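Working notes for the structure below.
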Amino acid sequence: MDKQELIFDGCSMTELAAKYGTPLYVMSESSILERCREIKKDFLEKYPNTRAAFACKAFQSLEICRIVTKEGLSLDTVSGGEIYTAFKAGVPMENLYFHGNNKSLEEIRMAVDYRVGRVVVDNLYELEALNDYAREKNVTMKILYRITPGVDSHTHKFISTGQLDSKFGIPLDTRVTGAYIKKALDMSNLELMGFHFHVGSQLAVNDSHLAALAVAVNLMRDVKNSLGFETQELNIGGGIGIHYVEGDHRPTVSEFLDPVMKELYDKCEKHGLAVPLVTIEPGRWIVGEAGITLYTVGSIKEIHNIRKYVGVDGGMADNPRPGLYEAKYNAVIANKMGLPTKEKVTIAGKCCESSDILIWDIELPEVESGDILAVFSTGAYNYSMASNYNRIPRPAVVMVKDGSDRLIVRRETYEDLIAKEI
Ligand SMILES: Cc1ncc(COP(=O)(O)O)c(C=O)c1O
């Protein structure tokens, strides 16, 4: 059978590897647009009074900010750097949600100075600091409280955030919440709009969202009855999963969110509550499957009767997820698409850590040095989590669409590595 090559959004991956070098992050704009449009059709247009914010922590660059903003999405940010990038991309600051369990005073001031749309307040320290600075600047900042709904999600414990024992949010104990809400309502320069929860990431099913929603609606009912506070907004976080390896399920927007919205409408009606504005914050679901990372195969090491290690020119510096939480990936040899699989190999990164293994035991056609390995579903939490570990420059990012390619982030150089040093 003829060798064939991998085509992604109309572009040849081997040609891109030759043009830009490897490792290389390749992002498909068509795939990102397709996801944004599904959100628009099956959530924003289907349900009145809703917003969708792209979670920048999954992948942020100036270009992605512009693309998702043009598609009608807001942005979820979690640091001064993410706010700054959004600002530089020309995103209206009103569209920003600003999260974080320990925002610095500098970041809190920045949120006020930039007039960020919603600050998602996590604790009383932050509440007071935000109010103080907003008073100094004579502005009123709209806030949501991040609550800990006390539900476990079915995902790796390092990406589960909604359980009671969590560094995020306000534990939902009435002794705590009553005091928090009263305090927010008393603040001169803050307007409490409602609540936010995020239960976890890479979720194939919505049961933890449904459980968290029930907790949130009970809270809305209780604070209305006890304090007369009517919740205007409810942000239900991100977390919708994607396909990495065989057996993974990527739910559609309707499949994941229709039952959540029905539950919200039913429960609000039951408790005599007005349905609040609902925001979702997907990150991985929008960009995860839009990304492929290309590597060049170098060393190949066979340990007789044990394992064959295939070394590539990247690894945990450009994708720390396998080492961080045992994330699994699928890959192909981009220049041998037509060939049948022939051997089981393990893909080893080039960093000085034994945990730097990108993929254990994957079946591939015969692998040779110089082959281009394409790892799928690397669009989320790869570029954004990349480091310079072992002084490896970060790869470039190329956006592809319908057969054309454009560089959106250039490759770092050795000079970049020392540029900040004195
Ligand atoms: C508050 C918040 N919103 C949204 C997200 C995005 O999650 P995902 O990329 O799984 O959709 C996260 C992820 O950690 C988060 O912490």
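Sequence-distant contacts, meaning Cα pairs under 8 Å at least 6 residues apart, place the relative contact order of the range 29-287 at 19 percent. Ordering Q202, V409, V139 by the projection of their Cα atoms onto the charge dipole of the chain, which places +1 on the Cβ of Lys and Arg and -1 on the Cβ of Asp and Glu, puts V139 at the extreme positive end. Summing charges over all other residues whose Cβ lies under 12 Å from the Cβ of K41, with Lys and Arg as +1 and Asp and Glu as -1, gives -1. For K88, the accessible surface of its heavy atoms amounts to roughly 120 Å² (probe 1.4 Å, protein chains only, rounded to the nearest 10).
With all protein chains kept in place, the per residue accessible area of the chain amounts to 43 square angstrom at a probe of 1.4 angstrom.
Under a 5 Å amide H cut-off, with hydrogens placed 1.01 Å from N, S74 pairs with A52, A53, F54 among residues at least 5 apart or on other chains. For the listed peptides 239-251, 50-62, 390-402, a ranking on the average number of other beta carbons within 10 Å per residue, highest first, reads 50-62, 390-402, 239-251.
Applying both filters, DSSP loop and at most 16 other Cβ atoms within 10 Å, to the chymotrypsin sites (Phe, Trp or Tyr not before Pro) of the range 1-34 eliminates every site.
Per-residue Karplus couplings for the range 390-397, computed as 6.51 cos²θ - 1.76 cosθ + 1.60 with θ equal to phi - 60°, are listed in order as 6, 6, 9, x, 5, x, 7, 10 Hz, Gly and Pro entered as x.
Solvent-accessible area assigned to carbon and sulfur over the chain amounts to 50 percent, based on a 1.4 Å probe. Each of I181, M399, L16 was scored by the projection of its Cα onto the charge dipole of the chain, and the greatest displacement toward the positive side belongs to I181; charges sit on the C-beta of Lys, Arg, Asp and Glu. Residues in the range 281-286 carry Karplus couplings, in order, of 9, x, x, 3, 4, 7 Hz; the curve used is 6.51 cos²θ - 1.76 cosθ + 1.60 with θ = phi - 60°, and Gly or Pro positions show x. Around the Cα centre of the range 29-287, unit charges on the Cβ atoms of Lys, Arg, Asp and Glu (plus for the first two, minus for the last two) sum to a dipole of about 340 debye.
The values are calculated or read from the model by the stated rules, or taken from the named source; none is laboratory data. What you see is a predicted model; the values in this text were computed from it and never measured. When we count neighbours, we look across all protein chains shown, and the Cβ atoms used for this are built from the backbone with ideal geometry, even at glycine. Heads up: the accessible areas ignore ligands, DNA and RNA and are worked out on the full protein's heavy atoms, side chains in. Shrake-Rupley method; radii C 1.70, N 1.55, O 1.52, S 1.80 Å.
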